[in-house]
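Note sheet for the following structure.
The values are calculated or read from the model by the stated rules, or taken from the named source; none is laboratory data. This structure is a prediction, so every number in the text was calculated from the model and none was measured. Glycine gets a Cβ as well: all are built from the backbone with ideal geometry, and neighbour counts include every protein chain shown.
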Amino acid sequence: MINFPKYNILFFVLAIPLIIISFFIAYWWIFILLFFFLYTVGLTLSSINVRSNFYMKVICEGNHEKNSISITFDDGPSNINTPKVLEILKKHNVKACFFCIGKNVEANKELLKQIYKDGHIIGNHTYSHSYVFDLFSSTKMKADIQATNNIIFETINKHPKLFRPPYGVTNPNLAKAIKKLNLISVGWSLRSFDTTAKGDVNKILKRLHKVKAGDIVLFHDILDEIPEILEKFIELVKSKNIEFIGLDEMLNVEVYN
Ligand SMILES: [Zn+2]
């Protein structure tokens, strides 16, 4: 798979003949513009594809040989829906990973303690989850992510090692920040698109039917539909004789520093 440095080398090598040819043709600037357009499109598509491994390594699936999957929840904790999620997970004895937003942890510290006490893994999903997070400088990103780890440490005495990029977007600044913080980035192989449910749970479950061993599944524990989706999804996975395991076991990594 091509990565950012190799991509730059490739375009640099292609640019040399293009510049030479441009001396001999009319409308040469059209080709130059097209060249930069294609270069930018490649960078953008790689940035929004969490599985590209273009700017940084993001683990998006687990071991297929283990007949199991891992479920993950982003954007919480939510004092309304996270307790319902915890109840369902407890009932079915399922261990999950919660990628928490720092400002939500700050507002729900007792809930974070409960998630941890129930045996789930806590991951970092930035402090602000800002819409413009990907435009932050590397230093600002690092401070934002570190702020969440600090709050989580104050609450459960653990420094999370797992990080999930907001919106699954990666770029060189994030790569630099994650490297400095020595975190492990985790994406997903099956996206539930639960944020688009808008009351239609069956639409989401239809998509989740393709679940297979090794999948890391993305949900959001802040949604009103999530308890119903989760309950039905667990039944679906059980009917396929697939087990649930935590990300620590699935990826064979330490989840706290
Ligand atoms: Zn998110």
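Among the residues of the range 117-145, which ones are surrounded by fewer than 17 Cβ atoms within 10 Å (Cβ to Cβ) and part of a helix (DSSP H, G or I)? Steps first, answer last, please.
Initial filter on the range 117-145 (surrounded by fewer than 17 Cβ atoms within 10 Å (Cβ to Cβ)): 117-119, 130-132, 135, 137, 139-140, 143.
Scanning the range 117-145 gives 117, 135, 139, 140, 143.
Out of everything in the range 148-166 that is within 16 Å of the ligand (Cβ to nearest atom) and in a loop (DSSP other than H, G, I, E, B), what residue ends up being nearest to residue 110 (Cα to Cα)?
164
Quick check, is residue 47 of a type in the set (Gly, Ala, Ser), surrounded by 19 or more Cβ atoms within 10 Å (Cβ to Cβ) and part of a strand (DSSP E or B)?
no
If you check 201, 169, which single one turns out to be within 21 Å of residue 237 (Cβ to Cβ) and either within 16 Å of the ligand (Cβ to nearest atom) or surrounded by fewer than 21 Cβ atoms within 10 Å (Cβ to Cβ) (or both)?
Residue meeting the stated conditions: 201.
Six or more apart or on different chains, Cβ atoms under 8 Å: show the pairs whose first residue is in the range 76-94 and in the same structural domain as residue 126 (by TED's automatic domain parsing) and whose second is polar (S, T, N, Q) and not in a loop (DSSP other than H, G, I, E, B).
Filtered contacts from the range 76-94: 76/82; 76/104; 77/104; 78/104; 83/114; 86/114.
Would you confirm whether any residue within the range 76-87 is part of a strand (DSSP E or B), away from the ligand (no atom under 12 Å from the Cβ) and within 19 Å of residue 146 (Cα to Cα)?
Step one: list which residues in the range 76-87 are part of a strand (DSSP E or B), which gives none.
The answer is no; no qualifying residue exists.
Take the conditions buried (at least 18 other Cβ atoms within 10 Å of the Cβ) and of a type in the set (Phe, Trp, Tyr) and apply them to residue 163. Does it pass?
yes
Taking the range 123-147, which residues are away from the ligand (no atom under 15 Å from the Cβ), under 30 Å from residue 83 (Cβ atoms) and either of a type outside the set (A, V, I, L, M, F, W, C) or in contact with a Pro (Cβ under 6 Å, 6 or more places away or on another chain) (or both)?
Scanning the range 123-147 gives a single hit, 146.
So which residues in the range 21-35 are part of a helix (DSSP H, G or I) and either surrounded by 12 or more Cβ atoms within 10 Å (Cβ to Cβ) or among the aliphatic types (A, V, I, L, M) (or both)?
Correct list: 21, 22, 28, 30, 31, 32, 33, 34, 35.
Please find, among 116, 27, the residue that is aromatic (Phe, Trp, Tyr) and in contact with a strand residue (DSSP E or B) (Cβ under 9 Å, 6 or more places away or on another chain).
Answer to the selection: 116.
Output the residues belonging to the range 47-91 that are more than 15 Å from residue 118 (Cα to Cα), basic (Lys, Arg) and modelled with pLDDT of 95 or more.
57
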